[in-house]
Structure formats: structure tokens, C-alpha cells
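Here is the structure we will look at.
The values are calculated or read from the model by the stated rules, or taken from the named source; none is laboratory data. Bear in mind the structure is a predicted one, so any value in this text is a computation, not a measurement. Cβ coordinates were reconstructed from backbone atoms using ideal geometry, including for glycine residues, and neighbour counts include every protein chain displayed.
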Protein chains: 2
Amino acid sequence: MDTAINTWHDLRVNSERMLAAFNELARFGATSDGGVNRPTFSENHLAARQWFQEQIEKSGLEFRTDGAGNHSAFLSCGKDNVPTLLLGSHLDSVPNGGRFDGALGVMAAFEVLRTVKDAKIDLEVNLEAIDFTDEEGTLVGLLGSAALAGHLPPDHLQNPRGGRENLVAGMARAGLSEEGMLSAARPQESVAGYLELHIEQGKRLESANVDVGIVSAIVGIWSYRLSFIGRADHAGTTTMVDRLDASLGASEFALAARDTVINDFRDCVVNVGNMNFSPGAFNIVPAQVDVSLEFRSSDEDKSKRMDSLLLGHAREAAKRFGLELNVESLGKHSPSLMDSHVQSVFASSCDDLGLTHISLTSGAGHDGQSFDGLCPVGMIFVPSKDGASHSPREFTKWEDCLNGANVLLQTVLRLAM
Amino acid sequence: MDTAINTWHDLRVNSERMLAAFNELARFGATSDGGVNRPTFSENHLAARQWFQEQIEKSGLEFRTDGAGNHSAFLSCGKDNVPTLLLGSHLDSVPNGGRFDGALGVMAAFEVLRTVKDAKIDLEVNLEAIDFTDEEGTLVGLLGSAALAGHLPPDHLQNPRGGRENLVAGMARAGLSEEGMLSAARPQESVAGYLELHIEQGKRLESANVDVGIVSAIVGIWSYRLSFIGRADHAGTTTMVDRLDASLGASEFALAARDTVINDFRDCVVNVGNMNFSPGAFNIVPAQVDVSLEFRSSDEDKSKRMDSLLLGHAREAAKRFGLELNVESLGKHSPSLMDSHVQSVFASSCDDLGLTHISLTSGAGHDGQSFDGLCPVGMIFVPSKDGASHSPREFTKWEDCLNGANVLLQTVLRLAM
């Protein structure tokens, strides 16, 4: 007995094999500055998926795909009517992104399955290492995971953020269809849980000099388009006091929003990512400024309080400069809480591996959100140098990547045996 | 002698004839909301010019055109080696502009020539009613008048604000060439002066209930592109205090610029007409915001003081938020002073016609600026309802239009006899 326990406790992923796969993958869509360019269903992305399929087939694992284009390596435990523990991330990238975001998670999941297979460990559930379609939202956002979880809103396919024409053309390139997308849903009882390893995309781990971050929650994101509406006037002939200048409301709002969140919501963030001026000419007083606003919190109550304060600031700023305000809500996504048992198993795995760990929230969205309420979800982060994210500057030391893969392996063993 | 003097003192333009021409002209490019759409060298604009040529030929005046496409009615005084007094404005409009801006000045100038011709008045100079090419700057700005005055900078044709391709295509439609543009320059001794009637494009005359504004100066315009440069970061994973958010510098600058001009430069104006955000996404901290800035004054010293204060505010705003600032000067145009003798003759003409008048500056640019230093320039304004400008809402009562035309006529007679 002791021997058997020591065997699986001592099991580690194959660093060389995983590194070789990681580096090979990074050649698909490689950019001259060390990043990758693999937007969903681009040629680079489809080539990476084709390569992944070949690696799965070479490894002796079963290759699976579904109507949403999700690509998987499948390791059956040989038992009937048992659910599957999903491990995954995504191979698509933002335009000119980095080589770690998503790719590390898929390569680690694949390596975990190969390690478990090679060790011939007897599990109670099947394992599946999955590459989800369009996590980054080039077309829809969390597309593959939402389809698999069975709650892909059909209107997201009709009015996708990336444009309907691009979605239709992309699905055609990938050999997918809308009916297929909607057919990818799996029965709840077939899914045992979902685990993901990802780079942090921030610098809390680096600053604290900690090996692993165990995610407690993925933040909720609320977003708005706020339109400050004044009047277009000749900027030479209209006196300053006669103007209804939309830029003033937008500018005052941007400053007030930051002050409020910095002062009263220290663990939350707000972003004014864009202002679109109409008509936008040097010599015309701005008639309308559309502000792209989003704010994030892992605490729904804080989201509600920020919402109230920020919209109040917008109304005050509009009033002060004689402007109208149009408020368009673009989404109120609740935070996703990670499973507490999975968090504690991650912590035990870290402890056994001699790795330091802290609990933190994820400020970015991830596929795990799609499984909210469907199955237990867990997520770990490894440090990102300088917190770089969605950038060719993304970098995580290989030792940290390997630590993450071994925590994932040990956690799978604890949960699946 | 008394009879002759009374004859020209009592001379008035033909209201019905001028109104008919004004209304016919407004049909070219007419929009459903009562405005006109005649950007330079558009089909609507070229059709209006063709119509103007036909009206000139029908009237028995001489039609002239030049290499810059300026269209004129010419009335020779029959004497050799005498200069020409120019009266004019422009038939082009901003996109979806109003029917008064430019059109009134050309139709009034044309009517003045017809009235003088019909009255067979003996003048010492020739008269020319001219429609200048591209006053509004769809392609270059003050193009025809600058070409005529002989100081069209060749690089304005190489890098026109409306885009080189549009300029080349437009010149081709109008049958013009670059060589022709540069050949339109006239000898200084051939130009006796330039007079223009225009709508005010502001509401000072309407508010003061005054008939005529005599322009003392056309303001100088200084313009910049200010780039606040921070760093693109993930807006979910980067803490508020770790950000270098370019929107904050731009916003603080916009508010400070307005405060400074309202408080310390009461007769000047400033405009932040556009902010261009990069990358401009909801979920990315703005890395760069390019601000379109212009400010205007009829006093060069005030322009210099505003310049110093505004750039100081930009530097402070950048510094406060840890941003870099890039300052690109796009032009420093000095104010154009109107001729003092012409101003006093305008005033005498108003007095004789029983019209009230005030002196004011023009906050907008006009073709008269092109003649700075070349010949005496004078300009009068008539009231604009609600100060509407560059808008289908432009409106000036016909009585005011007629007053302006008669002041122009009487001033021409006083200067040209």
C-alpha cells in the first residue's frame, strides 16, 4: 500500500516532452517579436489545431472533436457510465498576443493525460484535455465552453461581437455550422468537473514571490456604453459659454470613475477603454461622445454599489455641462465562484510539492465561467513576468510552467482516483 | 451734380432678382432638411458652378474662370490699366451644410455687379464677383483665394487635409490641374481690394439686435495634435495603481483647457474636437490618446499666452498620471486685420442706409485672409438665427440678406467711383 501511494504521490509530468510540445505549438502564428497571432479560425489557429490533433493521435490517446470545434485528447478509465473530468484551456490568441495565454493550459492538460496514461494509473473517471473554441472572443467569446455547457445563447451567434460575416466565414473555414454549435451541449451528469492552469496576467504572484495562485473567483464584468450628448457648433464662432460640449462630460466622468474605484473599491477595477467623438473635427464642438465603460469585481454587492456610484457620476457630469446622457447596458456578468473543495485539493497538492501558494481572484474572464452551476470548477495561476498579458511580452519561467502542470497532475490524481 | 449724387446714393440692389437667384442656387445639392450638400468638386458643387456660369452669361456680364477653378462675373469699367475690386465668397459647402454660408456672398456680389451695370455707373476700377474654390476645406481650404493671391503652398497640394487621392480625383472631375492651380496667381497691382458679405455664424448680432457687423479682424487659429502616451494593459488583471492610463491625461487636459480660456481669455475660444483612443477596446487600458486641439484669438499676443498655458496644462496632466506627451504643431495662423478705411466706408454706408452696426471679429476663417498684405480687405456680417452655422438650421431673414447686399453695393460705389 505504501509503495502504491508513494508511486502516485511522486508522479511528475515529463518536463522535456511538455517543453518540446509547448515550443512546437508556439511556431504556429509566431510573430517576429516572440508572440503568436492565432485569432479564432484564422489559418494559424486551424493549423495549430491540426497539429494538436496529430500529437494526440501519435500519443495513443483518443482524439475527439465536437460541433463547436472543441478539440480533445480523451483518456478512458475503462469503466462504464462514469463522468469525465475536463482539463483545458485554448489555442486561440488575441491578435498579436503572447505564447503562454491558453497554450500553456492546453499543453499542461495534454501532458497530464500522457503522464497518467504512461503510469497506467487506475482512475474512477475519464480524463479529457480540451482546447476550447474562441476563448478570447475574436468572434463570440467563451464560445466552445458555452456550447459544451449547453448555454450558448443563440443570439450570440446572430450578433457576435466579432461580426456575423466573420463568424460565418470562420465557421466555414473550420468546417463548422450553427446547428453543430448548438449540438455540442453535453449532459450535466457526463461532466465531473473542470480544471484549468493559466498564467496570471497580473503581477501579484511575481510581487509576492509566490509559486502558485489558487483562484477563488473569476470576477464579474459589468459594461456600458455611456453617451454624453451636447450640440455640434462652429468652434470658432460659438462662445465658450454658449457651447454644449460633450467632451467635458465624458472627461469629467473618466476622472471621477477612477477616483471612486481607487478610493472606495480597492480590489476592483474600472476602465474607460474608448471615447468615440462625433463629429470629431478640429473645428466643431463635439456633439456626442460615446464612452466604453467596464468595471469588475469578484463581489456582486460591490458591483452593484460601483454601478450606482459610477452612473451617478455620469449623470452629474452630464448635468454640470448641460448635456444629455444615454445609458446602454451591455452586460452584467456575475462573478463565478471556484469550487471550495477543489481549491483545498489544489492547496494540498502545492504543499506536497513544496510550492508556496496564495488565494486570489481572476480579473480576466475564462472558460471556467461557462461551467458555473454545472460542475465543480477550479483554476490555478502561475506567475507572469511584469504581469504582461495579451502581448508578445508575455513570459513565464519554464520552472513555473512545470510547477503548474505538476499541481494540475497531483490534483487530478487526488480528485479522480 | 446733386441729381447725380442722389442717383447713386439711392441705388439699391434688385431684391426679387437676387432672391430668385439665391433660391435657384439652393436647389443644387438641396437636402430634405432644408440645407445643401455641395462639398468641393462634388457633382452638386460642379452643377452649381455650371448654373452660375449660365447666369453670368445670361446677365450680359463677362464670365471668367482661372486655373484654380474660381468662377467670376466681370464688369469692366472700360478704362485701361486699372485694377479690379473683387467681391466674393464661395459656392461650396461643408457636408450637409446650410444654404446661406458662402452662397449669400456670391449671389450678393453678382447682384451688385448687375445693379451697377444696369445703372451704367462710371467706375474707376473693374468689378469682379468671384466664387472661390474650396473655401470650406473639403480638400485644401481657402484653395481658390490662396491660388489667386499667389501663395498657395505647393505642399498643400501634396498633403491636402482632404487626402491626396480625393484632391486629384476632384481636380480631374473639374478639369483642373496642379500646374493650372499654381498659374492662377494674379499680379498685386491688378487687385484693388476684396470685399465679402457673409452670415455671422454666431449670435452676437442677433442678441444685440443689430443689422450689420463690420469685421475688424479674422481670428488667428493655432492647432495641435497632443498625444498622451501610457501603456496598454489588461483592464481586468492590472490594478488601478499599476496603470499608465492615457485617457486620464487627455481628460484632465480637456477640462483644464476650457477653464483657462473661460476664466482668462474671455474673447477667445478653445476646442478639443476629437480624442482618438488606442487600442480603444473595452477591456484594454488606453495606451495612447491623440487629442485634436485648436484655439483662436484675434490678438496674436493672447494666442501666444494661451499657447504657453495650454501646453503647460498638457505637460502637467501627463506628469500627474505618469504619461509621456508628444506635441505636434499643426499650424499657427496669425489673425488678419481688416482694412480700417474699408471699415469706415462700411460704417458710412450703414449709416446712410439707416442700418445699425457694430464692430466684431470673425471667429471663422474666410477667403479674405488669403489677401492679407496684398490689398485692402473688408468683410461684413448679417445676423444668423440662433447662430446656426455649418448646419441645415442656418437661417438669415431675407431683409437682413438684402441689407447686407445694399451695404456691399453702397461701399463698392464709394470705393470704386
Hits in the stretch B:175-196 (condition: touching a Leu at 6+ places or on another chain (Cβ under 9 Å) and either surrounded by fewer than 19 Cβ atoms within 10 Å (Cβ to Cβ) or not assigned by TED's automatic domain parsing to the domain that holds B:L409 (or both)): B:E178, B:L182, B:A185, B:R186, B:Q188
Subset of the stretch A:275-294 (residues that are more than 9 Å from chain B (Cβ to nearest Cβ) and either within 21 Å of B:F228 (Cα to Cα) or in a strand (DSSP E or B) (or both)): A:S278, A:Q288, A:D290, A:V291
Residues of the stretch B:361-406 classified as modelled with pLDDT under 95 and either more than 26 Å from B:S297 (Cβ to Cβ) or outside the structural domain of B:A129 (by TED's automatic domain parsing) (or both), total: 2
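What's the total number of residues in the stretch A:217-276 that are within 30 Å of B:K385 (Cβ to Cβ) and among the aliphatic types (A, V, I, L, M)? Before the answer, list the steps.
At the first step, the residues of the stretch A:217-276 found to be within 30 Å of B:K385 (Cβ to Cβ) are A:227-250.
Okay, now just the ones that are also among the aliphatic types (A, V, I, L, M), so A:229, A:232, A:235, A:240-241, A:244, A:246, A:248, A:250.
Number of matching residues: 9.
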Complete set of residues in the stretch A:265-274 that are crowded, with 22+ Cβ neighbours inside 10 Å and either in a loop (DSSP other than H, G, I, E, B) or more than 9 Å from chain B (Cβ to nearest Cβ) (or both): A:C268
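Could you grab me the full set of residues in the stretch A:66-103 that are hydroxyl-bearing (S, T, Y) and under 21 Å from the mean Cα position of the chain (by Cα)?
Hits for the stretch A:66-103 are A:S72, A:S89, A:S93.
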Residue within the stretch A:13-29 that is in contact with a Lys or Arg (Cβ under 6 Å, 6 or more places away or on another chain), surrounded by 15 or more Cβ atoms within 10 Å (Cβ to Cβ) and in a helix (DSSP H, G or I) present: no
Residue match in the stretch B:40-53 (condition: over 21 Å from B:N166 (Cβ atoms), in contact (Cβ under 8 Å) with a residue 24 or more places away in the chain and assigned to a strand (DSSP E or B)): no
Check on B:N96, over 21 Å from B:L415 (Cα atoms), surrounded by fewer than 24 Cβ atoms within 10 Å (Cβ to Cβ) and not aromatic (F, W, Y): yes
Restricting the stretch A:1-55 to residues that are over 19 Å from A:E136 (Cβ atoms) and of a type in the set (S, T, Y), the residue that is modelled with the highest pLDDT: A:S15
Number of the exception - A:L409 against (1) among the aliphatic types (A, V, I, L, M); (2) in contact with a strand residue (DSSP E or B) (Cβ under 8 Å, 6 or more places away or on another chain); (3) crowded, with 22+ Cβ neighbours inside 10 Å: (2)
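Rundown of residues vs (1) at pLDDT 95 or above; (2) touching a Phe, Trp or Tyr at 6+ places or on another chain (Cβ under 6 Å); (3) over 22 Å from B:G102 (Cβ atoms); (4) of a type in the set (S, T, Y), yes/no style:
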{"residue": "B:Q158", "(1), (2), (3), (4)": "no, no, yes, no"}
{"residue": "B:E165", "(1), (2), (3), (4)": "no, no, yes, no"}
{"residue": "B:R173", "(1), (2), (3), (4)": "yes, yes, no, no"}
{"residue": "B:L182", "(1), (2), (3), (4)": "no, no, yes, no"}
{"residue": "B:A208", "(1), (2), (3), (4)": "yes, no, yes, no"}
{"residue": "B:I214", "(1), (2), (3), (4)": "yes, yes, no, no"}
Condition check for A:D245: among the charged types (D, E, K, R) and modelled with pLDDT of 95 or more: yes
